Amino acid sequence: MIALGRIALAAAAVLAIGSGLNVKGIGAAELSDAAAFTEPAERIVALRRLTEAQYRNSIADIFGPEIAVAGRFEPIVRPIHELISSGAAGAAISPAGLEQFDAMARNIAVQVFDAKHRGQFVPCTPKVEVAADPACAEQTLAPLGRYLFRRPLTAPELAFYGRLANQAAAATGSFHKGLELALATMLVSPNFLYIVETARPDPNRPGDLVLDDWSRAARLSFLLWNSTPNEALLTTAAQGRLSDDAELARFAERMVGSPRFEAGVRAFFADMLLFEKFDALAKDAIVYPYFNSDVAKALPEQLLRTIVDQVLTRDGDYRDLFTTNRTFMNRPLASLYQVRVPASAGWVPYEFPPEAGRSGLLGQAGFLALYSHSGRSSPTLRGRAVRELLLCQPVPDPPGNVNFTAVQDTTNTAMPTARIRLSAHATDPVCKGCHAITDPLGLSFEKFDGAGMFRTVENGAPIDDEGAMDGAAFFGVAGLGQAMAQNPAAGQCVAGRALEYASGHAVDQETDRIEALAGKFAAQGYKIRALFREVAASPDSYRIRSKPIDAGATRVSMNKAEQSNGL
Amino acid sequence: MAYDLTRRGALRGMVNGAAVLVGVPLLDAFLDGNGTALAATGGALPVRFGTWFWGLGVNPPRWYPTKPGANYDIPEELVPITPFAKKINIYGNFNVPLDGAPNLPHISGGAAVRTGRALTADRGLPGESFDVTIGDRIGTRSRFRSLELSASGDARNSLSGRGGGNLNPSEGSPSAFYERLFGAGFKDPNSASFTPDPQVMARRSVLSAVSEQRHALERSVGADDRAKLDQYFTSVRQLENQLEVELTKPDPLQSCMVPPKVTDKPVSAEIETVIANHKMMTELLVMALACDQSRVFNMMLNNGASSLTRIGSTITHHQLTHEEVLDQKLGYQPEATYFLTRIMEAWGDFVGALDRVKEGDRTLLDNTLVFAHSECEFAKFHTIDNLPMMTAGSAGGRLKTGIYVDGAGSPISRLGLTMQQVMGVSVDTWGTQSMQTNRAVTEVMV
């Protein structure tokens, strides 16, 4: 305990570095004073908080799937009309959030150095188990630190974590307890919890910055595999070869061809399609008796399996996601869809007959239920989701002073269907503008209720599922799917999202880049692999928009909805 | 420490789940004559601050009193607060000028109340919420800087944070909340024995070490990221502080009684489940305050565009406010108003739970200031002027109570300024643009 007290004192002294106190031999203290006053060549250009999936995947990749990650993750705020990937670049860690990260870190560290697992991670034998062994501690911590921080530890960092392990080992009388504390410290470090992107001056374009090799390794890996860079990436980064365009392209090609690209595709579409909303999806149990927690859990998985099958397994055209009848089914979903599946199986491939009208992602209960109310469907929410998520066309919010008196309640027998109720909006010029954007296409979903079940009547009145989008008229989700597949905005939208997802900031001002990428995407048959290979291999993806280092904090951007609502 | 045993013997546990203390005269010996300080240590009883949020406003003619000043009349929708009206203030006629920024429905109002700023885009809060500012003033020495709760179970439902991507996530599970408060690391202030946990000492050292990375990172970041790192290191300091508290023998607290463990019940949008969850959370929160585990809290009953439903209904609270016909005879929407009634009852329960805990000759409510508000005035039209607000409790006698204040159309940020000043934050001007104000609500300040 006395020794631990010393650690605390030493660390406290380090905290005072800013005021000129120098503690030799510990961490940042060895930075020369000059470094604080000259602008460093390497500059941190982004701190992107790990998402829950990225954290879990990193731990599983580094320590193996046996190491359990138990805890709750502070959610990352999604900026409206943007990706969580963009939100992650603005995400701070609150006291409650850090408390959770700390609890997870300690729990992981205990498992890693328990008797069962330590053999995999401690490459040496401590001289005695009950005391510190500085050499063995550093030998253990250096490779772990390199994986966790996605770059080698600096010499002062390694010395620091080693010292922490040694002092904790002396205090607890256990070499492994010492390692445990050092590892727990790394796991709550901002160097782990944030993907720290660093850039250096671009040799080809004076004044501009490009990501350094370590940041390129992390970006490739999180973009394509949604996990931490592996040995091959780190080795190549160490050799400086990821700054070479050809090498970068080779990596991109290999990584999108790997089975691990599935994790990246899943993460991308979960972000693009707002899957965090599934966490809060609830349906009224009396109105929708077929909807239960097993169904709720299966819905996002069914969408993702359909996507992965179409764009990866079959290497198909992205646009066919709006028309395909192929999907996957499990038993809870079979009862919701009222179809038969083999009694024993978990997930099985399933093809809807064309007359089911369930074409593509938009005909799946996951989409239909998510964009409905808890007790009824909503053509407006569904239409808005199609516009905003799949076509990247933000729909303005209702005006603050909107008068809804024109819309009558659902029990009114004179207005049995959503179409009739919504037509009331058309009488109000204020409502009409926006509802004309969402409702005509949203009404084509009406043969599916708020839980995504098929129906032909609402309140006893037959449902008309005619829809329209940008001048084209059609019937049902199948008709909408055809219209979506032919809409160039669908391909452009996913291309723009891929750029945003990679860079961690909104790109809607960079129309030239989006159009160029969308053009290549189209030319290559709308293949998602090709799209991500293009994003990952393009040198442009690693250029940093120049921004002075001391630019004021911009916490609130201009209202994009305002700028882009010329629909 | 014989008093501990005496106290234990005198406590009678929980009635209907709420902490009830029967007479423990011996314990009053620890308070000074006014019941405001611990005679044993000379330390003052803690004063707490919290917020209580509900979504979708009120029916203004049925909610606001008609007569400003003390002894306000209690209109129909305020009936649930009747027993505590002497301890509750109502604030009406405070406006939310947005200076041309759009009124993002169900978002702009709550953000303006809490930050004194107009949202220009939905990217989290437009600035630091004043509960966080108050937490910096009064919350840094307790085990938890603040406690955020969402009765509807949604971690993203929060109006507390430092702005932008910094939002304090809400706890949605009573059992997880219990573990956090009273599980490992909790030190009963009334326990006779105290042994610092060596593991905790080690952890505190580890966290101190994390701060070491600050300099190396900050030397090369831009302003956005530096702000983020500042927030990260603030969180580290808070966690260190939490461990420091766990390593220090706490002062005895008369009203602190460790509640029994709780088991989560399923929470959905169905209002009964949310009300039940709110009740469980409230009971835990009250004891967290009585045991001085935190001095700041934020309770969210529902979300802004309330997705509450009644079992079997095809329509949510939010939809009802927009689509239900305004009953011409009644003058309001009866189905939507059902939810409001239940919400006001929950607020009454919340205030009552705080008021049942005695602290000397006062109650926990008296030693607390709770600021309650919604995100709009009349949800049907998304109006945000005249947004309904209340305070309960007197912050240990620093606020006059039992008053209806008519703001006469002045900016709503006056409330945020007032709350901060009452809680000891050194601030004389707060808010931006038309919401910038230096006029506290002096009618209620002592």
Sole miss for B:A269 among (1) in contact (Cβ under 8 Å) with a residue 40 or more places away in the chain; (2) more than 10 Å from chain A (Cβ to nearest Cβ) is condition (2)
Please verify whether segment A:200-209 includes one or more residues that are closer than 23 Å to B:L229 by Cβ, at pLDDT 95 or above, outside any helix (DSSP H, G or I) and under 33 Å from the mean Cα position of the chain (by Cα). no
Show the residue pairs that are 6+ apart or on different chains and have beta-carbon atoms under 6 Å apart, the first residue being within segment A:304-321 and in contact (Cβ under 8 Å) with a residue 12 or more places away in the chain and outside any loop (DSSP other than H, G, I, E, B), the second being basic (K, R) and surrounded by 19 or more Cβ atoms within 10 Å (Cβ to Cβ). A:L304/A:R266
Return yes when A:T154 is within 14 Å of chain B (Cβ to nearest Cβ) and surrounded by fewer than 24 Cβ atoms within 10 Å (Cβ to Cβ) and no when it is not. yes
Looking only at segment A:47-62, filter to residues that are surrounded by 22 or more Cβ atoms within 10 Å (Cβ to Cβ) and over 13 Å from the mean Cα position of the chain (by Cα); which one of those is nearest to the other protein chains (Cβ to nearest Cβ)? A:L47
Considering segment A:269-318, residues that are away from every other protein chain (no Cβ under 14 Å) and small (G, A, S), and then whichever is nearest to A:P79 (Cα to Cα), we arrive at A:A270
If you go through segment B:191-206 one residue at a time, how many are among the small types (G, A, S) and within 11 Å of chain A (Cβ to nearest Cβ)? 2
Does A:I108 fit the bill of being away from every other protein chain (no Cβ under 11 Å), of a type in the set (V, I, T), farther than 30 Å from B:D224 by Cβ and within 24 Å of the chain's Cα centre (by Cα)? no
When the residues of segment A:122-154 are narrowed to those that are of a type in the set (G, A, S) and either in contact with an Asp or Glu (Cβ under 8 Å, 6 or more places away or on another chain) or not in a helix (DSSP H, G or I) (or both), which ends up nearest to A:M186 (Cα to Cα)? A:G145
Taking the conditions exactly as written (in a helix (DSSP H, G or I) and of a type outside the set (F, W, Y)), does B:D224 satisfy them or not? yes
Looking at segment B:267-315, which of its residues are acidic (D, E) and in a helix (DSSP H, G or I)? B:E272, B:E283
Restricted to segment B:207-233 and to residues being at the interface with another protein chain (Cβ under 7 Å from one of its Cβ atoms), within 17 Å of A:A96 (Cα to Cα) and within 29 Å of the chain's Cα centre (by Cα), the residue surrounded by the fewest Cβ atoms within 10 Å (Cβ to Cβ) is B:L229
Quick one: in segment B:64-85, of everything that is in contact with a Gly (Cβ under 6 Å, 6 or more places away or on another chain) and under 21 Å from B:T321 (Cβ atoms), which residue is nearest to the other protein chains (Cβ to nearest Cβ)? B:Y64
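Table: residues versus (1) among the charged types (D, E, K, R); (2) at pLDDT below 95.
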residue: B:E335; (1), (2): yes, yes
residue: B:F378; (1), (2): no, yes
residue: B:T401; (1), (2): no, no
residue: B:S413; (1), (2): no, no
residue: B:V422; (1), (2): no, no
residue: B:W430; (1), (2): no, no
Restricting attention to segment B:272-282, which residues are β-branched (V, I, T), within 14 Å of another protein chain (Cβ to nearest Cβ) and buried (at least 23 other Cβ atoms within 10 Å of the Cβ)? B:V274
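Yes/no per residue for (1) surrounded by 23 or more Cβ atoms within 10 Å (Cβ to Cβ); (2) in contact (Cβ under 8 Å) with a residue 24 or more places away in the chain; (3) within 25 Å of A:I76 (Cβ to Cβ):
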| residue | (1), (2), (3) |
| --- | --- |
| B:R156 | no, no, yes |
| B:N168 | yes, yes, yes |
| B:D188 | no, yes, no |
| B:A192 | no, yes, no |
If the requirement is being part of a loop (DSSP other than H, G, I, E, B), more than 14 Å from the chain's Cα centre (by Cα) and surrounded by 17 or more Cβ atoms within 10 Å (Cβ to Cβ), which of these qualifies: A:P259, A:P229, A:P289? A:P229
Going by the structure shown, is B:L119 of a type in the set (A, V, I, L, M, F, W, C) and touching a residue at least 40 places away in the same chain (Cβ under 8 Å)? no
List the helices (runs of 4 or more DSSP H) inside segment B:86-190, counting only whole elements, that have at least 3 residues being more than 9 Å from chain A (Cβ to nearest Cβ) and farther than 19 Å from B:R48 by Cα. B:108-115, B:174-182
So which pairs qualify, if the first residue must be in segment A:272-289 and under 14 Å from A:F367 (Cα atoms), the second must be among the β-branched types (V, I, T), the Cβ gap must be under 8 Å, and the two must be at least 6 apart or on different chains? A:M272/A:V494; A:E276/A:I84
Pick from segment A:66-105, criterion among the acidic types (D, E) and facing chain B (nearest Cβ under 10 Å), ranking: nearest to the chain's Cα centre (by Cα): A:E82
Leading residue by the ranking (nearest to A:G481 (Cα to Cα)) among those in segment A:298-334 that are surrounded by fewer than 22 Cβ atoms within 10 Å (Cβ to Cβ) and small (G, A, S): A:G316
What single numbered condition from (1) within 30 Å of B:M201 (Cβ to Cβ); (2) assigned to a loop (DSSP other than H, G, I, E, B) fails to hold for B:L330? (1)
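The values are calculated or read from the model by the stated rules, or taken from the named source; none is laboratory data. On a predicted model such as this, the values are computed, not experimentally measured, just so you know. Note: ideal-geometry Cβ built from the backbone for every residue, glycine included; neighbour counts use all protein chains shown.
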